[in-house]
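The values are calculated or read from the model by the stated rules, or taken from the named source; none is laboratory data. In this text, all values refer to a predicted model and were calculated from it rather than measured experimentally. Here the Cβ is made from the backbone with ideal geometry for all residues, glycine too, and neighbour counts use every protein chain on show. Side chains are part of the model used for accessible areas, which takes the heavy atoms of the whole protein and leaves out ligands, DNA and RNA. Shrake-Rupley method; radii C 1.70, N 1.55, O 1.52, S 1.80 Å.
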Amino acid sequence: MTSGARAGLGRRGLRADLALTTAVLAAAMLPLRLSPEAVRSLRWPLAGAGLGISAAVAMALAVATELARAAWGSGPVAATVVLVALVAPVGRVLLGGPPSIAVALGRCAPLLRALDLGGAPLARMGALAACVPAIVPTSVLGAAAAIVLGVRGAPAAAVAVVAAVVVGALAAVPPALRAGARLAVGAAGTTMRAVAVRRLAAVGVLAVALLVVRPAAWRVVPSVLEAAPTEVAAGAAAVAAATWIAGDGLVVDARPWIRLQATLVDCGAAAAAAVARAVAAAASSAAAVGLVVGSAAGALAGTDAGLRAGLAATAIAAAVLVVLVLEPDPTAVLARSVAFALVAAPTTCALLSGAAAAWLAATPIAVGVLGTAVLSRRLA
């Protein structure tokens, strides 16, 4: 058999392994009430729905790009999209929480190895799981922006956007390959705590950079950024940043920890001590988020805005932790989402409405008291 024939057989075998890996992964990710046969019968409607959603997103991005171009010109819009296309894919791989397909792949890895589907198929599937969610959104954004800029008489800006999308996608491939290789050899995946720490560090670096370059740099940036951010804009950014830093905690399974603490209490451990340790850890984590986000907002919009944003970020991070106590089961996605919205809404409304700092200081305390009360009841 020639080397070309052997290579062809090897490629066909790898494709078959990838197909089997995909089947195992799909079965693991399906809702319990939905069988694989039902999904196969719905594959074309699901594909059509996916294409429709993608088209709607692309159209919305095109409209947003056109509005921004009309307001600020093609140059600032192209510069912003180029920056996002260059930075976002690598940032998504390095700073993002593991996407749902990567989490499911990690859970299925022992089964896949038992079925002789480890090694190259698992590594390639892991790389795709890390890479695709990072590359696709910026590619859609870049395509929409390039089309709008090209149609509106800025071909050079459109070409720059396309080139940045390609470079950004290629830059995201090596860290995605490393993530897939770690999964293939059984290395532990990135924990939610590690993700939050990386994001804290990223926002902290941004805060330091803003403190160093402000106010001189604001006079030379493109017109899209030349106005100093208002308190409302800084507050909205603080809420978004705090949710980004801590939001992946909403997929954590809190049941094992609560069961362990309840068992220890049943064996004679003091419930008050367990609650106190949990409250201390949660308070320190939420305060760290508030400190870093508040520093970044302060560098943007002044000390008072930074204080208010820091208090709001602390409450948002505390709300994520409280949701883990209110609904420990991560499969209860709707219940967790509603609980987070209800717990975080007072803080967000108070911040964006310009309420006094005292009200903002009261919200993290109220959130903490709620979480402490529920946890005490669960361990009683």
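Of the residues that make up segment 210-229, is at least one over 26 Å from Ser74 (Cα atoms), open to solvent by less than 50 Å² (accessible area, probe 1.4 Å) and modelled with pLDDT of 75 or more?
no
Looking at (1) at pLDDT below 85; (2) touching a helix residue (DSSP H, G or I) at 6+ places or on another chain (Cβ under 8 Å), which is the only condition Gly10 fails?
(2)
Being open to solvent by 40 Å² or more (accessible area, probe 1.4 Å) and either at pLDDT 75 or above or of a type in the set (Asp, Glu) (or both) is the filter here, so list the residues in segment 77-106 that pass it.
Within segment 77-106, Ala79, Thr80, Leu83, Val84, Leu86, Val87, Arg92, Leu94, Leu95 qualify.
One residue is enough: does segment 36-52 have a residue meeting the conditions exposed (fewer than 12 other Cβ atoms within 10 Å of the Cβ), under 22 Å from the mean Cα position of the chain (by Cα) and modelled with pLDDT of 75 or more?
Among the residues of segment 36-52, at least one is exposed (fewer than 12 other Cβ atoms within 10 Å of the Cβ), under 22 Å from the mean Cα position of the chain (by Cα) and modelled with pLDDT of 75 or more, which makes the answer yes.
Restricting the search to segment 366-380, which residues are without any contact (Cβ under 8 Å) to a residue 40 or more places away in the chain and within 19 Å of Ala272 (Cβ to Cβ)?
Of everything in segment 366-380, those that are without any contact (Cβ under 8 Å) to a residue 40 or more places away in the chain and within 19 Å of Ala272 (Cβ to Cβ) turn out to be Val369, Ala373, Arg377.
In segment 309-346, what count of residues is obtained for those that are open to solvent by 10 Å² or more (accessible area, probe 1.4 Å) and farther than 21 Å from Ala361 by Cα?
14
Scanning for something assigned to a helix (DSSP H, G or I), open to solvent by less than 40 Å² (accessible area, probe 1.4 Å) and either within 30 Å of Gly204 (Cα to Cα) or out of contact with any helix residue (DSSP H, G or I) (no Cβ under 7 Å at 6 or more places or on another chain) (or both), does segment 111-121 turn up at least one residue?
Checking segment 111-121: not a single residue is assigned to a helix (DSSP H, G or I), open to solvent by less than 40 Å² (accessible area, probe 1.4 Å) and either within 30 Å of Gly204 (Cα to Cα) or out of contact with any helix residue (DSSP H, G or I) (no Cβ under 7 Å at 6 or more places or on another chain) (or both).
For every residue, the table says whether it meets (1) within 28 Å of Ala356 (Cβ to Cβ); (2) under 22 Å from the mean Cα position of the chain (by Cα); (3) small (Gly, Ala, Ser).
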{"site": "Gly249", "(1), (2), (3)": "no, yes, yes"}
{"site": "Ala254", "(1), (2), (3)": "no, yes, yes"}
{"site": "Ile258", "(1), (2), (3)": "no, no, no"}
{"site": "Ala262", "(1), (2), (3)": "no, no, yes"}
{"site": "Ala270", "(1), (2), (3)": "no, no, yes"}
{"site": "Ala286", "(1), (2), (3)": "yes, yes, yes"}
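For segment 129-144, give me each residue that is surrounded by fewer than 19 Cβ atoms within 10 Å (Cβ to Cβ) and within 23 Å of Arg15 (Cα to Cα).
Val132, Val136
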